[in-house]
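First comes the structure, then the notes that go with it.
The values are calculated or read from the model by the stated rules, or taken from the named source; none is laboratory data. None of these values were measured; they are calculated from a predicted model. Note that we place each Cβ from the backbone using ideal geometry, even for glycine, and neighbour counts take in every protein chain shown. Heads up: the accessible areas ignore ligands, DNA and RNA and are worked out on the full protein's heavy atoms, side chains in. Shrake-Rupley method; radii C 1.70, N 1.55, O 1.52, S 1.80 Å.
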Amino acid sequence: MRTSGVGGVRTVRTVLGAAVATALALATLTSCSSAENSHAKSGREDGGSVGKTGGKGGQGAEQRTQDLTRLPDVGTRLHRRIPADSRQALVVRGEGEDSADSTVFLYEKHGKTWDRTRSWPAHNGKRGWTTDHREGDKRSPVGVFTLSDAGGVLAAPDARLPYTESPAFQASRAWPKTHWHDFDHVIAIDYNRVKGTPPNDPNRPQGQSKGGYIWLHLDHGSGTSGCVSVSKSAMQYLLRELDPKAHPVIVMGDKGNLADS
């Protein structure tokens, strides 16, 4: 069932029939977090926000930042790609071009100032990052992308983004058990997809070879096949906070590519 709403007002948009759900379920098996038995635990714990020094903090809001007319650590090239009307930005800062470890920062714009409100430890593609993402390369695409649609196996009654609840998101039980709940909640990253459709819509405007199903989803403790993964508490917070009226975007890449001017 596809629903949308702000402040608890929801309308039914699409009811997925059994045949459609089955087809989408098969498509999802090849999505961003396709597991391999060789997946290794990274030893990083999910949890609350990351403090400004990089250590773990509590779940509360971070200390308000001041005078940030630009997103920190993001170069001019990517800044120019942020739509002028965007007032919410997720910045995914990867540890290195070949690293699966990253941090997600949430910024909200007030007037001309970007204020950092939350941050969380995260994972990206198991092989790191790329500026030319291809199907199966196990790297996350570098760039600025809008965030338009969400969904998952479980309901998200507080989601502001249009949300599709469907069993078609269910991860394969052939994957390691640690991956079974990856898609309980997902937010589609608008890379090679049609905005305004469920995250598991199979259409890829740039062609199959450019990959797709690049999502924010729940973390399983190690790198993904191209997505960005965060803790369940982080995902639930983002579903409550990301507002289509604020035109949210995600700016993502390793430290070097983010800062490249």
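Computed over the range 59-153, relative contact order equals 24 percent, with contacts defined as Cα pairs under 8 Å that lie 6+ residues apart.
In the context of the full set of protein chains, residues of the range 181-244 present 28 Å² of accessible surface per residue (probe radius 1.4 Å, heavy atoms only).
Would you mind calculating the relative contact order of the range 117-203 from Cα pairs under 8 angstrom and at least 6 residues apart, reporting the percent as a whole number?
Numbers: 129 pairs, mean separation 21.8, N = 87.
Averaging sequence separation for qualifying contacts and normalising by length gives 25 percent for the range 117-203.
Kirkwood hydrodynamic radius of the range 145-225, from the reciprocal of the average inverse Cα-Cα distance over all distinct pairs: 13.1 Å. Straight-distance candidates among the aspartates and glutamates for linking to LYS195, with alpha-carbon spacing under 18 Å and chain neighbours fewer than 8 residues away dropped: ASP85, ASP149, GLU165, ASP243.
Computed 3J(HN,Hα) for the range 131-139, one whole-Hz value per residue from the Karplus formula 6.51 cos²θ - 1.76 cosθ + 1.60 where θ = phi - 60°, is 8, 9, 4, 10, 3, x, 7, 6, 10, glycine and proline marked x.
Report the net charge of residues surrounding ASP184, where surrounding means a beta-carbon distance below 12 angstrom and charges are Lys +1, Arg +1, Asp -1, Glu -1. Net charge around ASP184: -2.
Pairs from the table (LYS138/LYS245; LYS109/LYS255; LYS177/LYS255; LYS109/LYS210) lying more than 26 angstrom apart at Cα are LYS138/LYS245; LYS177/LYS255; LYS109/LYS210. Across the range 114-161, the volume of the C-alpha convex hull divided among the residues equals 163 Å³ per residue.
Taking the square roots of 5 times each eigenvalue of the Cα gyration tensor of the range 125-259, largest first, gives ellipsoid semi-axes of 21, 18, 15 Å.
For the range 190-261, a Kirkwood hydrodynamic radius built from all Cα pairs, placed in the Stokes-Einstein relation at 37 °C and 0.692 mPa s, yields a translational diffusion coefficient of 232 µm²/s.
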